[in-house]
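Report on the following structure.
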Amino acid sequence: VSRTWKILAEDEVLWYRLCQEEGYLLDMSISDHSCWKLALKNCRAREHMLKTNWKNRVGAVSQLRYEPGRVLCDARCCDGLLLAGYSSGEVRLWDTRSWDYTAPLLEAAPGAGEAGALPHVSFVRINSSLAVAAYEDGSVSVWSLLVGKEPVHHFQQQQRVQALALAAGGTAVATASGFQVRVDSPDDKGFWQSPATFEIQKLVNFLNLVPDVTGSPVAVAAAEDIVYLLKAEEPAKILHSVYGQPVTCLDVSAHEAAFGIKTFGWLLNEPNQILLYNLETNQCLSKVGDSIGDFSCVNLHNSPPNMLVAGNKDRR
């Protein structure tokens, strides 16, 4: 091997740049490793091992123990934190990064449960800064992951909450109850403002908040066969509506919304599909899928650019 090639092979700056370009160790500087060639090799080997284990379903199962007699109603996780709501009305926050960690009980709002047992937890949501729980009686509590165990915000809906959404990386909370969607968010000083409310023609099945929005929060709601775009201080806009084609799943990214639709056979040339809409132009960008089975889930916000992943009842 020539001396020139040897110099290139031992160039730490070159291997550091290759490592960064492939998406490894992005939070490190060049001085954090003495041999970036070896670091890149180890990262590639670890990624290959993880992919192989996922494909072969090889892994370790860890259980979070809780006292018997409590039924788990809903659970969500974010950055190693797991939020769980139970039939007892209790909400617990587990830290999966330290398995000997005792899950603290997030306290109920003042006055809750005075007439008897706490209502069942219907939904929980969590992001990097907030935890939210909606209860069977229509009450909703919001906790800060940075400030104590008491709720920083609490409100009561007139009817049972059908859908709950928490903005990824944000502080807005959206709830659907009856024919109304309510969006709560704090101001710059941390005080929770008067909520934005929207009247919907049908009962909401799916509800999402658009991430990375500057200004007032933006929500997308699917109610049977209608998809709404909801912006504060503006009337609800219909993003999509085809009679007799109910929405079966929904997800949103910063600029787009993806949802599955179900047909009932009278349009034989139009099978079940995933529709992709632009939230700025309100136009349909693409139709994908063409499946006989219903689309049961779709993930847009965690997918690579220009891609999305969806699950179908035909097991594909």
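For (1) within 27 Å of the chain's Cα centre (by Cα); (2) exposed (fewer than 11 other Cβ atoms within 10 Å of the Cβ), each residue gets a yes or a no:
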| residue | (1), (2) |
| --- | --- |
| W15 | no, no |
| G23 | yes, yes |
| L26 | yes, yes |
| H33 | no, no |
| W36 | no, no |
| G69 | no, yes |
| C73 | yes, no |
| C77 | yes, no |
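If you take the residues of region 238-266 that are under 16 Å from S291 (Cα atoms) and polar (S, T, N, Q), which of them is surrounded by the most Cβ atoms within 10 Å (Cβ to Cβ)? In this case the residue turns out to be T248. For region 113-143, taking the residues that are surrounded by fewer than 17 Cβ atoms within 10 Å (Cβ to Cβ) and either within 21 Å of the chain's Cα centre (by Cα) or of a type in the set (G, A, S) (or both), the one that is modelled with the lowest pLDDT is identified as G113. Scanning region 155-168 for residues being surrounded by fewer than 17 Cβ atoms within 10 Å (Cβ to Cβ) and over 24 Å from D187 (Cα atoms) gives a total of 3. Taken over region 51-80, residues that are among the small types (G, A, S), under 18 Å from P104 (Cα atoms) and in contact (Cβ under 8 Å) with a residue 24 or more places away in the chain amount to 1. In the set S129, S122, S141, only one residue is small (G, A, S), in contact (Cβ under 8 Å) with a residue 40 or more places away in the chain and within 20 Å of L203 (Cα to Cα); that residue is S122.
Given the structure, is V218 surrounded by 15 or more Cβ atoms within 10 Å (Cβ to Cβ), of a type outside the set (D, E, K, R) and more than 16 Å from L285 (Cβ to Cβ)? Taking the combined requirement at face value, the residue satisfies it. Inspect all residues belonging to region 230-237 and state whether any of them is over 20 Å from D184 (Cα atoms) and surrounded by fewer than 19 Cβ atoms within 10 Å (Cβ to Cβ). Looking for residues that are over 20 Å from D184 (Cα atoms) and surrounded by fewer than 19 Cβ atoms within 10 Å (Cβ to Cβ), one finds none in region 230-237, hence no. Could you say whether any residue in region 258-271 is in a strand (DSSP E or B), over 21 Å from G169 (Cα atoms) and among the small types (G, A, S)? Taking every residue of region 258-271 in turn, at least one turns out to be in a strand (DSSP E or B), over 21 Å from G169 (Cα atoms) and among the small types (G, A, S). Condition check: touching a Leu at 6+ places or on another chain (Cβ under 8 Å) and among the aromatic types (F, W, Y). Does F191 satisfy that? Taking the combined requirement at face value, the residue does not satisfy it. Of all the criteria given as (1) in contact (Cβ under 8 Å) with a residue 24 or more places away in the chain; (2) in a loop (DSSP other than H, G, I, E, B); (3) surrounded by 15 or more Cβ atoms within 10 Å (Cβ to Cβ), the one not satisfied by G293 is (1). Apart from one condition, S139 fits all of (1) within 20 Å of L239 (Cα to Cα); (2) in contact with a Phe, Trp or Tyr (Cβ under 8 Å, 6 or more places away or on another chain); the exception is (1).
If you check N312 against the conditions, is it in the same structural domain as T214 (by TED's automatic domain parsing), free of Cβ contacts under 8 Å to residues at least 60 places away in the same chain and more than 12 Å from V227 (Cα to Cα)? The answer is yes for N312. Filter region 203-223 for residues that are part of a loop (DSSP other than H, G, I, E, B) and either modelled with pLDDT of 95 or more or among the aromatic types (F, W, Y) (or both) and give the result. Once the filter is applied, which keeps residues that are part of a loop (DSSP other than H, G, I, E, B) and either modelled with pLDDT of 95 or more or among the aromatic types (F, W, Y) (or both), region 203-223 yields L203, V204, N205, V210.
V152 fulfils the conditions (1) within 18 Å of the chain's Cα centre (by Cα); (2) surrounded by fewer than 19 Cβ atoms within 10 Å (Cβ to Cβ); (3) under 20 Å from L93 (Cβ atoms) except for a single criterion, (1).
The values are calculated or read from the model by the stated rules, or taken from the named source; none is laboratory data. All of these numbers come straight from a predicted model, not from anything done at the bench. Neighbour counts are summed over all protein chains in view; Cβ atoms, including those assigned to glycine, are modelled from backbone coordinates with ideal geometry.
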